[in-house]
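Enquirer: One structure is given below, represented as structure tokens, and several questions about it will come after.
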Amino acid sequence: MIFHLTVCILIKIGLSNHWFGGRIRFRENCRRSFSIRIFIKKGKDSSMNTKAIFLIVLTGLFFTACSSSTEAGTETPEAIPTVVADDTIIAEGRVEPIQYAEIAFTASGMVGELMVKEGQVVKEGDPLIRLGSENDSSYASAQLELADAQKAMDDLVNSRGPDFAQAVIDLHDAEKKYTRAENYLRYLKTSDRVPQTSYSVRLVQTARGYEYKPEVENFKGPASEEWILNATNDLALKKAALEKAQRAYDNLKDGPNAEQLPVLEARLNAAKAALSAFTITAPFNGMVAELNAKTGSTINAGEIAIVVADTSRWIVITTDVTEIDVVRLAEGQSTVVTLDALPDVDLKGEILLIGQNYLENQGDVVYEVTVLLTDTNPAMRWGMTAAVNFGQ
């Protein structure tokens, strides 16, 4: 115990009496202090013993207070439980389809025909919207130019004999087959929902004894290595056929009026491009997610007319992963995603891409992280808010 004791005695001598005063002040552990002050008026016949009695009483009070304070200060403090910091990284994002296209016309005009409606499933190359009508001079001119260019090309081909005409047909056919084989191989390599059928035979016991029962199961999943190998070999065959058709065409194209052929080919391609500006086609297999064009209304060049989305797979894009956390993430890392609209459903996923450039979010340096969902739910919609748990 640390304390300070101050005793002060004041004596005043008068003609008829004496004043005696005393003050005791103490401090314990530099935290608690108080003072006691007394004054005693003494007559001429008072003895000095009275003074001693009061000093003894004050000293006793002082030590009693010190002892009480000491006992209170030695109480055992209550133990504080240890808190373990949570090291999990959680980010917020939005659900988006694996790919989508916002498509606009390259020319302005009146919407002539809508071939699809919102929510409709489309295939690559399907016509979606046509700009212009039969009474539209621009559209009519484009159609006429294409017809004239095609006729000029046909006349040149026919004037050079049947062999060259057949070479042109064979070349175009080989080009189409090669393109289809190339697209099919790409589809097998990238899609995880390829329709497949498995066949098996199971031995079952019947009333007549044991019999083999065939079983057929239809399912969707990633293509097998055998399928991809067969598609690769088929693409190689289509490429060889295309090269053969190209050589046959090249051997015959330098006949009469050979200098006109590239001119007419350029004219025909330009006419096709001009007419295609009046028609929007699906860039890939998907669904019409948004349809802004209306039949009979005017639409400007560059104005988004339709949005096509591939909803066969979904991704979540986050924009609030800070520079402190992004260094702890890696592409291919597993994640768990929860949607605000489906709080009781956990969707598994993995990191598909980590942005290389930074963004600023309320003064923080953040990076865009794209998560590919390996689980889906029929209730999912484009734009839903998602919480991504990256774990650690």
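Enquirer: Looking at the range 176-193, is at least one residue in a helix (DSSP H, G or I), over 21 Å from L242 (Cα atoms) and among the acidic types (D, E)?
Expert: no
Enquirer: Same structure again: Filter the range 252-290 down to the residues that are in a helix (DSSP H, G or I) and either free of Cβ contacts under 8 Å to residues at least 12 places away in the same chain or hydroxyl-bearing (S, T, Y) (or both), then identify the one that is nearest to L128 (Cα to Cα).
Expert: Among residues in the range 252-290 that are in a helix (DSSP H, G or I) and either free of Cβ contacts under 8 Å to residues at least 12 places away in the same chain or hydroxyl-bearing (S, T, Y) (or both), the one nearest to L128 (Cα to Cα) is S276.
Enquirer: While we're here: Here are the criteria: (1) touching a helix residue (DSSP H, G or I) at 6+ places or on another chain (Cβ under 6 Å); (2) over 30 Å from Y199 (Cβ atoms); (3) not in a helix (DSSP H, G or I). Tell me which single one A223 does not satisfy.
Expert: Looking at each condition in turn, A223 falls short on (2).
Enquirer: Would you check which residues across the range 114-134 are exposed (fewer than 15 other Cβ atoms within 10 Å of the Cβ), outside any loop (DSSP other than H, G, I, E, B) and of a type outside the set (V, I, T) and list them?
Expert: Hit for the range 114-134 is P127, nothing else.
Taken together, the values in this text are just the output of simple stated rules run on the coordinates, not laboratory data. Owing to the predicted nature of the structure, the values given are computational and were not obtained by experimental measurement. Note: ideal-geometry Cβ built from the backbone for every residue, glycine included; neighbour counts use all protein chains shown.
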